[in-house]
Amino acid sequence: MTVKISHTAEVQQFFEEAAGFGNDAGSPRLKRIVQRLLQDTARLIEDLEISEDEFWHAVDYLNRLGGRGEAGLLVAGLGIEHFLDLLQDAKDQQAGLVGGTPRTIEGPLYVAGAPIAEGEVRMDDGSEEGVATLMYLEGQVLDPQGRPLPGATVDLWHANTRGTYSFFDQSQSEYNLRRRIITDAQGRYRARSIVPSGYGCDPQGPTQECLDLLGRHGQRPAHVHFFISAPGHRHLTTQINLAGDKYLWDDFAYATRDGLVGEVVFVEGEAGRHAELKFDFQLQRAQGGEDEQRSGRPRALQEA
């Protein structure tokens with residue numbers, strides 16, 4: 001018979017002390033969170049009869065996960081980041097905030113400070129010419145009534161043909177395949193880029209180690225990330241996942257959603273083969289100033 005003591009008054013009092021409830025310093029909010037974390041961890045250990053070996057292997061795993069900087073990757077792979085979107089969707093529906101382009105996960109690979117351009121821009125540095133397929137990406141940013149939004153900011157980033165991202169892949173030039181575009185008078189944005197590749201978790205990394213034990217792959221379809229913002233409108237974090245990709249509806253990060261699939265058209269021309277992708281974004285009206293800002297999530301930062 002398993003001995004359970006986590007519910008006893010003595011242990012509960014011990015967890016309150018460990019969480020700092022016996023002093024007036026610190027953060028009351030964090031104290032409450034840590035208390036709950038301690039309580040739930042204790043119940044998990046008891047209910048699933050976690051052995052000491054399992055517990056300390058888990059501690060070692062967290063050390064290795066942090067050492068590799070893969071915590072953001074794991075929370076996406078375990079569906080927690082997608083759950084945050086589902087939770088916000090439910091809150092929006094309850095508040096009557098519906099319509100517009102769906103949100104989806106940001107992922108861990110955004111870098112602040114990408115170069116800004118008016119209307120249109122070239123995103124790639126030319127290093128994959130002859131290997132990559134040229135892609136023309138364009139669309140409009142619209143308000144809730146479907147009217148164009150001039151002066152909106154389209155902040156976009158994606159991987160190269162190897163599935164790696166500049167800044168995190170030091171072989172790429174600074175801000176390669178990362179740009180910010182200010183929409184023109186018709187709310188349009190245009191980008192010349194390359195068709196990105198999907199990517200997989202490092203086979204030797206801790207995220208894939210966890211997924212292997214769950215019997216899951218760690219692959220993502222080809223996709224393009226976006227932050228869309230405009231004065232008076234809710235900030236939108238989303239991404240376009242490219243139609244036809246093997247992992248389109250089997251994304252380990254659960255980012256593919258209805259309304260976020262981009263149809264890529266390949267065109268044979270005199271200058272060779274290129275791809276065209278058109279995608280419009282519709283924003284919701286902001287309910288307050290905070291709605292216009294992206295989350296305060298810590299992100300990589302480069303100077304523009």
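A short reminder: the numbers here are calculations on the coordinates, not readings from a lab. In this text, all values refer to a predicted model and were calculated from it rather than measured experimentally. Methodologically, a virtual Cβ is constructed for each residue, glycine included, from the backbone with ideal geometry; neighbour enumeration extends over all protein chains shown.
Things worth noting here:
- Normalised contact order of the chain, rounded percent, pairs of Cα under 8 Å and 6 or more residues apart: 21
- Proximal charge balance of THR2 [Cβ under 14 Å; K/R count +1, D/E count -1]: -1
- Counting all C-alpha pairs of the chain, share separated by more than 30 Å (%): 43
- A simple count of charges around HIS225, restricted to other residues whose Cβ falls under 9 Å of its Cβ and scoring Lys, Arg +1 and Asp, Glu -1, yields -2.
- Whole-Å semi-axes of the stretch 187-246's equivalent ellipsoid (Cα gyration tensor): 31, 16, 10
- Extension gain (nm, one decimal) between ARG192 and GLU263, 0.36 nm per residue minus Cα-Cα: 23.9 nm
- Farthest toward positive dipole pole in the stretch 104-239 [+1 Lys/Arg, -1 Asp/Glu at C-beta], among PRO144, HIS158, PRO196: PRO144
- Per-residue [θ]222 nm for the chain (sum of -39500 (n - 2.57) over DSSP H runs n ≥ 4, rounded to 500): -8000 deg cm²/dmol
- Taking 0.36 nm per residue of separation and subtracting the Cα-Cα distance, full extension of the segment from LEU213 to PHE14 would add 68.2 nm.
- Extension gain (nm, one decimal) between LEU87 and THR2, 0.36 nm per residue minus Cα-Cα: 27.1 nm
- Rounded, prolate or oblate (a/c below 1.5 giving rounded, otherwise prolate when a/b exceeds b/c) for the stretch 189-298 by Cα gyration tensor: oblate
- Under 5 Å, built H, 5+ apart or other chain: amide partners of LYS4: none
- Annotation: peptides 220-233, 274-287, 69-82, ranked by per-residue average of other Cβ atoms within 10 Å with the highest first, follow the order 220-233, 69-82, 274-287.
- Computed over neighbours whose Cβ is under 14 Å from that of THR183, the net charge equals -2, Lys and Arg +1, Asp and Glu -1.
- Look at where the Cα atoms of the stretch 185-242 and of the stretch 143-173 average out, and the two centres are 10 Å apart.
- Efficiency of FRET between PHE21 and ARG147 - r from beta-carbon atoms, R0 35 angstrom, step 0.05: 0.10
- P(r) histogram, all alpha-carbon pairs of the stretch 1-50 included - 5 Å bins from 0, percent: 4, 22, 27, 21, 13, 7, 4, 1, 0
- If only the Cβ of Lys and Arg carry +1 and only the Cβ of Asp and Glu carry -1, the dipole of the chain around its Cα centre is close to 760 debye.
- For ALA185 and ALA71, a Förster radius of 41 Å and the Cβ-Cβ distance give a FRET efficiency of 0.45, rounded to the nearest 0.05.
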